[in-house]
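Note sheet for the following structure.
Laboratory data are not the source of any read-out in this text; all were calculated from the coordinates shown. Since we're looking at a predicted model, the values are computed, not measured. Neighbour counts are summed over all protein chains in view; Cβ atoms, including those assigned to glycine, are modelled from backbone coordinates with ideal geometry.
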Amino acid sequence: MIMKVNIVGRQMNVYEETKEIIGKKLSKLDKYFPGDREPEAVVTLSRKRNVSTMEVTINAGGTLFRSEVDSDDFRSAVDKTVDNIERQIRKNKTRLEKRMRDSSWEMLFPEDKGQDNGQALGQGEEEDPGTIIRVKKFEYKPMSSEDAIMQMNLLGHSFFVYNDIDTGDTCVVYRRKDGTYGLIEPAK
């Protein structure tokens, strides 16, 4: 399946040549999304103080992959981004294979057959603690707490909100300071 790529420049224009390079590099990830999942990538580019920032979020069948990279230029940023997402996929291969239920994963990883960087505000920037600076909306589907932890790690976030597959309750998993995970469930 060919990935649909949407490229957005934040307070900048993106040249066609840059769009073509990004599309070509991201197409290397198509092999990880076989079948009818229709992967979609949203690429956000920005440049601030001579630092090029590329944020890529890929939605493949409800599973989100995310990477944010700062670099001198967008050409090297896209290479680092593709490497980051490939690393996420390989690290979570077994869980993703179970979740996506597709035997084609065995073809992608024949050597393993039979075996089991999010950035909020930039440094130095001060914001009013009561000001919302970004709103994100996303659809979420019922999942287990293990799947929610995997999704949180794939996104590089410190928490993740989801609907529990067994109870239907809205829950939150989060990463604790000691590296373990916590779960917040509604009281009944």
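Details
- Tensor-based shape of the stretch 3-49 (alpha-carbon gyration tensor, a/c under 1.5 rounded, otherwise prolate or oblate): prolate
- If R0 is 30 Å, the Cβ-Cβ spacing of Leu64 and Glu17 corresponds to a FRET efficiency of close to 0.60.
- Compactness check for the stretch 142-184: Cα Rg over 2.2 N^0.38 Å is 1.05.
- Neighbour-limited loop hits for chymotrypsin sites (Phe, Trp or Tyr not before Pro), the stretch 1-70 (at most 14 other Cβ within 10 Å; DSSP other than H, G, I, E, B): Tyr15
- Treating r as the C-beta distance of Val172 and Lys91 and R0 as 30 Å, the FRET efficiency rounds to 0.85.
- Global size of the stretch 1-99 as Cα Rg and Dmax, reported in angstrom: 13.5, 43
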